[in-house]
Amino acid sequence: MAELKQFHSQIIRLGLSADNDAMGRIIKFSAVSESGELNYAQKLFDGIPQPDSFIYNIVIRGYLQAQLTRNCIQLYSQMLQASVTPNHFTFPPLVRACSVHNAVEEGKQVHAHILKFGFLEDGFSQNNLIHMYVNFHRLEEARRVFDKMPRRDIVSWTTLISGFSQLGFVDDAYKIFELVPQRNSVCWNCMIAAYVKSNRFKEAFALFERMLAEKVELDKLVAASMLSACTGFGALEQGEWIHQYIKSHGIELDPKLATSIIDMYCKCGCLEKASEVFNGLPHKAISSWNSMIGGLAMHGKGNAAIELLKDMERKSLAPDNITFVNVLSACAHAGLVKEGHHYFHYMTKVYKLEPKMEHFGCMVDLLGRAGLLQEARKLIDEMPISPDAGVLGALLGACKIHGEIDLGEQIGKQLIELEPHNSGRYVLLANLYANVGRWDDVANIRKLMNDRGVKKVPGFSMIELDGVVNEFIAGGRTHPHANEIYAKLDEMLESIRSAGYVPDTEELLHDIDGEDKKNPLKYHSEKLAIAYGLLKTKPGATIRITKNLRVCKDCHHASKLISKIFYREIVVRDRNRFHHFRNGECSCNDYW
DNA sequence: TTAGGGTTAG
């Protein structure tokens, strides 16, 4: 910038300060380059008697980059008033400004101008219009622009696909995707990511296979999306494959990608691999630290999570909000009440981070799980913000664990009205009633669910073998090896019975949040998945299961015994956390 | 000058 200012004074000396060519260059640098100064550009602009369209365009772009979208629109009006004709460089940033600024009326006017000035054939302007209407949540308009374009390019297609998927119309997005004449990796990734974001992992995997078959390059963004798919699905082998691919093809391991890999390993149950990647990073982004701390939290390694926070501080890195969410969650899962209290205050005292909803949620969970229900309630009452469903849900969960019926009933009723479509809330309240034998109330909740058309989420467990994910539902018989699996299951249960296993029939009576009322405990999906694992893996190999609900008491007990009798480590990821069953014990210390 | 990614409690 200093050199630029010198250059500017030379121009003044040469009497060129009214020369648009020379001034345009200086303004361009000041307005849009990284080391520029927008204020300076503005001052120069004001001193030019008759700026040309290039100068207007470049300052509009500068304003856009600085998020001063209002100024973009104003400058455009000024341009028209000065009778300077806009060209095809004028509209893309201008449309973008309307879009970012949510200026619907101005956007429509700019759209009309684009047509009036004859830019129907300009792909950049038209593509930006599609984007703008998507941003305004006006898909029909976006589609109309798309349909009227004389020549659509891959960006037009991808923008439209991403628009439909972002607004939740993933199936429509896919229909459009199928019509694209020549897809590049951005377009593939857009559709794959759409499936991943809506938790439709199988479709994401199927699309990925197709992409590879069509020999489209697997770039780092596709890799990142697929890592998320593996994370969501609990597909460790597939995730390892992607990681290997990244290494062997020299794909640059930028901080975001590294974080995705660490997160994948943590959430697929492999903390060792996650640490290995984490420790091997030359420059660790804060997100990498956060996902590693979060991983330790999920696996119940509270003290290790705290150690990592201290490590961060030793390296003079400032933890952020997310770091503390993860640290507090680590304390909650490990029952570290004292430490939790400490860090809850510490974050504000030392780092000036005001606790947000998530932090209160963690604290309520921490206190509630530890049985300190009154303290949890007091914290909620004293919160500076009004608690959301998550915070109240944490308290309700604690009431269920500790059989705190009065408080639980009150919170449960409140939650059901707050989130009338969340089946989990009804289930938890019904369970609370069931625990104390209030069967009429259980029936009432069931009826309320029926009347409101709220469906319970069906439970399922998954196990990945040779890169194939096998899914089980309670009592399901659709698996091609069903007979074999049920035989193994019976053998498995017989073995643990002789070691003292008694099915937890108490829970059976209450089994409303269990997997399926019609199917007895012995056919819970988790047990089926473990039986299949015992059948198909080598002796001594770790069995890894992912399930969508929380582990039930009976399955937890059975899994501990199976780990001992069959000499297997069993790693179960449930809705909340990981359980590592080993030699008759669980890493959660039965605290979950 | 236009399209794509990560870490957040229950």
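Quick notes on this one:
- Greater than 25 Å apart at Cα, pairs in A:LYS536/A:LYS560; A:LYS148/A:LYS220; A:LYS202/A:LYS564; A:LYS267/A:LYS553; A:LYS256/A:LYS547: A:LYS148/A:LYS220; A:LYS202/A:LYS564; A:LYS256/A:LYS547
- Between the alpha-carbon centres of region A:339-365 and region A:228-287 there is a gap of 28 Å.
- Overall shape of region A:284-355 was characterised from the C-alpha gyration tensor. The equivalent ellipsoid obtained from it has semi-axes of 16, 15, 10 Å, in decreasing order.
- Degrees, to the nearest 10: A:553-565 long Cα axis against longest axis of chain A: 80 degrees
- Pairs exceeding a 26 Å alpha-carbon distance, out of A:LYS378/A:LYS447; A:LYS310/A:LYS338; A:LYS197/A:LYS378; A:LYS378/A:LYS413: A:LYS378/A:LYS447; A:LYS197/A:LYS378.
- For chain A, share of DSSP beta bridges that run antiparallel, in % to the nearest 5: 80 percent
- Over all other residues within a Cβ to Cβ distance under 15 Å of A:ASP311, the charged ones net out to +3, with Lys and Arg as +1 and Asp and Glu as -1.
- Largest to smallest accessible area among A:GLU526, A:GLU209 [probe 1.4 Å]: A:GLU209, A:GLU526
- Relative to the longest principal axis of the Cα atoms of chain A, the long axis of helix A:104-116 lies at roughly 50 degrees.
- Taking all protein chains as shown and a probe of 1.4 angstrom, A:GLU382 keeps an accessible surface of around 120 Å².
- Phi-based couplings in Hz for region A:433-444 (Karplus 6.51, -1.76, 1.60; Gly and Pro marked x): 4, 4, 4, 9, x, 8, 5, 4, 5, 4, 4, 4
- Formal net charge of residues neighbouring A:GLY340 (Cβ-Cβ distance under 13 Å; K, R +1; D, E -1): -1
- If you wrap the Cα atoms of region A:373-456 in a convex hull and average its projected area over all directions, you get 5.1 nm².
- If you sort A:TRP188, A:TRP592 by accessible surface, 1.4 Å probe, largest first, the order is A:TRP592, A:TRP188.
- Taking every C-alpha pair closer than 8 Å and separated by at least 6 residues, the mean separation divided by the residue count of region A:373-456 gives a relative contact order of 24 percent.
- Report summary: the helix-based calculation at 222 nm, which adds -39500 (n - 2.57) for every DSSP H run with n ≥ 4 and divides by the residues of chain A, gives -20000 deg cm²/dmol.
- Computed label-point distance, nm, for sites A:HIS479 and A:LEU80 using a 7 Å Cα→Cβ extension: 6.6 nm
- 15 Å beta-carbon shell around A:GLY36, net charge (K/R +1, D/E -1): +2
- Spatially proximal lysines relative to A:LYS43 (Cα-Cα < 27 Å; intrachain offsets below 8 disregarded): A:LYS5, A:LYS28
- Sulfur and carbon atoms: percent of accessible area, chain A [1.4 Å]: 52 percent
- Percentage relative contact order, chain A, counting C-alpha pairs under 8 Å, at least six apart: 6 percent
- Solvent exposure of chain A amounts to 48 Å² per residue of accessible area, where only protein heavy atoms count and the probe is 1.4 Å.
- Computed over region A:460-586, relative contact order equals 27 percent, with contacts defined as Cα pairs under 8 Å that lie 6+ residues apart.
- When each of the peptides A:147-157, A:303-313, A:218-228 is scored by how many other beta carbons lie within 10 Å of its residues on average, the order from highest to lowest is A:218-228, A:303-313, A:147-157.
- Volume per residue of the C-alpha convex hull in region A:513-592, rounded to whole Å³: 79 Å³
- In chain A, the longest principal axis of the Cα atoms and the axis of helix A:201-213 are about 60 degrees apart.
- For region A:124-181 versus region A:436-469, the spacing of their alpha-carbon centroids is 38 Å.
- Whole-Å semi-axes of the ellipsoid equivalent to chain A (Cα gyration tensor, √5λ, descending): 54, 28, 26
The values are calculated or read from the model by the stated rules, or taken from the named source; none is laboratory data. Fair warning: this is a prediction, and the values are worked out from it, not measured in the lab. Counting neighbours? That spans all protein chains shown, and the Cβs are built from the backbone with ideal geometry, glycine included. Just the protein is used for accessible areas: all its heavy atoms, side chains included, with ligands, DNA and RNA removed. Shrake-Rupley method; radii C 1.70, N 1.55, O 1.52, S 1.80 Å.
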